[in-house]
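Notes to accompany the following structure.
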Amino acid sequence: MDLAFIPSPSRGQIDLGPIPLRGYALCIILGVVLAIWLGERRWVARGGRAGTVGDIAVWMVPFGLVGGRLYHVVTTPEPYFGDGGDPMQAFAVWKGGLGIWGAIALGAVGAWIGCRRRGIPLPALADALAPGIVLAQAVGRWGNWFNQELYGRETDVPWAVKIDGDHNVIDPGQSGTFHPTFLYESLWCVGVAVLVIWADRRFKLGHGRAFALYVAGYTVGRFWIEYMRVDDAEHVLGMRLNNWTAILVFAGALAYIWISARKHPGREAPETLRGHDPEGGDDAEAAGTDADAKAVDADPVDADPERTDADAEKGASVDLGKPDRSAPGDAEADADAAATDAEPGPDDAGEHAGSGPREAADKG
């Protein structure tokens, strides 16, 4: 009797016409898109500017990918720097291998840079992003299914995942069924997202507490799921390194929630989330508007009295029919005008001739 199980993909990539797309990369991309979309909606609902999350993601996502890969390579160096390892494979992100702790740590650095450019508080942005990030993890975990990696111990439960011989780390060459830890973690992440959204609405979490709740909730699930995995990992005092990391991060998240709640109860004021244009566009526009207003209100005489008075006098002379003496040849024109005024016309001559005897008679 055949056991029921979850089949694994025969290939780790999807062909989109002539373009091959690794299933792992597709899951990461979908997760990032989901996180940005949900984070943007939550950010605007809290009073932030539309488009802010997308702009900051330009910094946050690349930093997060680099951090996740670095954490994976440092904590699992054998495939890259061990016997028979290939150091160049450390750059093959599409083949799998991203550590969530490194992604969060370095992704936070990228988010901090973006927040400083925008003039907004990083904890407030983290609260808006928290549910989207954990849902992105839920989607991204299915990349492990495509790669047939990071599964748990052997089992015959109906929801076991079948792993072929090429990917079997317990008994290479033999296919088997194992606990689908990728599925467990994916479902756990969905539950954490629901918890964070509910608690955020119920208690009005702010100042980074919604993000800290996500971190605390995720680490609890990661701790017991990590115990089930059978892949190679670094051990410290008999326990997997990721388990120690989960314990420390969980304690830090709880401490942050307690301290933040005492120092900063409630949420940030909505006006503190508006920020500004990273290029100073808003400030420049406002300054330009003020300058235009001042230019309109200013008296032009005050700007340049001498020049303005000269221009006014020049304009008045033109209006009165007087010639402009500012250009070469004006002296000659003035002389001609004066001669014309002095020469009497025919009527004037007759009038003057007739007036002579009349004036003499009057005098006589």
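Name the residue, out of Leu65, Leu70, Leu106, Leu30, that is within 21 Å of Val190 (Cβ to Cβ) and either in a helix (DSSP H, G or I) or of a type in the set (Val, Ile, Thr) (or both).
Values: Leu65 fails: within 21 Å of Val190 (Cβ to Cβ); Leu70 fails: within 21 Å of Val190 (Cβ to Cβ); Leu106 fails: within 21 Å of Val190 (Cβ to Cβ).
Result of the check over Leu65, Leu70, Leu106, Leu30: Leu30.
Can you tell me which residue in region 159-186 is modelled with the highest pLDDT, limited to those that are of a type in the set (Ser, Thr, Tyr) and farther than 30 Å from Gly132 by Cα? Please lay out each step first, then the result.
Kept after step one, since they are of a type in the set (Ser, Thr, Tyr), are these residues of region 159-186: 175, 177, 181, 184, 186.
Still in the running and farther than 30 Å from Gly132 by Cα: 175, 177.
Details: Ser175: 93, Thr177: 96.
So, considering only residues that are of a type in the set (Ser, Thr, Tyr) and farther than 30 Å from Gly132 by Cα, the one modelled with the highest pLDDT is Thr177.
Are there any pairs with C-beta distances below 6 angstrom linking a residue in region 9-29 that is of a type in the set (Phe, Trp, Tyr) to a residue that is crowded, with 16+ Cβ neighbours inside 10 Å, with the two at least 6 apart or on different chains, and if so which?
Every condition considered, the pairs that remain are Tyr24/Gly96; Tyr24/Gly143; Tyr24/Phe146; Tyr24/Asn147.
Of the conditions (1) in contact with a Lys or Arg (Cβ under 9 Å, 6 or more places away or on another chain); (2) of a type in the set (Lys, Arg); (3) buried (at least 21 other Cβ atoms within 10 Å of the Cβ), Arg153 clears all except one; give me its number.
(3)
From the list Gly97, Gly85, pick out the single residue that is touching a Pro at 6+ places or on another chain (Cβ under 9 Å), more than 26 Å from Leu248 (Cβ to Cβ) and not in a helix (DSSP H, G or I).
Numbers: Gly97 fails: more than 26 Å from Leu248 (Cβ to Cβ).
Of the residues listed, the single one that is touching a Pro at 6+ places or on another chain (Cβ under 9 Å), more than 26 Å from Leu248 (Cβ to Cβ) and not in a helix (DSSP H, G or I) is Gly85.
Counting only residues that are under 17 Å from Pro121 (Cα atoms), within 10 Å of the chain's Cα centre (by Cα) and hydrophobic (A, V, I, L, M, F, W, C), how many does region 34-57 have?
So the count comes out to 3.
In region 203-231, how many residues are touching a Ser or Thr at 6+ places or on another chain (Cβ under 7 Å) and within 14 Å of Gly152 (Cβ to Cβ)? Quick ask: steps written out before the conclusion?
Initial filter on region 203-231 (touching a Ser or Thr at 6+ places or on another chain (Cβ under 7 Å)): 207-209, 225, 228-229.
Next, only the ones that are within 14 Å of Gly152 (Cβ to Cβ) stay: 225, 228-229.
Residues that pass the stated criteria total 3.
Regarding region 69-87, can at least one residue be identified that is touching a Leu at 6+ places or on another chain (Cβ under 7 Å) and buried (at least 20 other Cβ atoms within 10 Å of the Cβ)?
yes
May I ask you to list the residues in region 161-202 that are among the aliphatic types (A, V, I, L, M) and either assigned to a helix (DSSP H, G or I) or closer than 30 Å to Ile257 by Cα (or both)?
Step one: list which residues in region 161-202 are among the aliphatic types (A, V, I, L, M), which gives 161, 163, 169-170, 183, 187, 190, 192-197, 199.
Within region 161-202, Leu183, Leu187, Val190, Val192, Ala193, Val194, Leu195, Val196, Ile197, Ala199 qualify.
The values are calculated or read from the model by the stated rules, or taken from the named source; none is laboratory data. Note that the structure is predicted; figures quoted are calculated from it, not measured. As a convention, Cβ positions derive from the backbone with ideal geometry for all residues, glycine included, and neighbour counts pool all protein chains shown.
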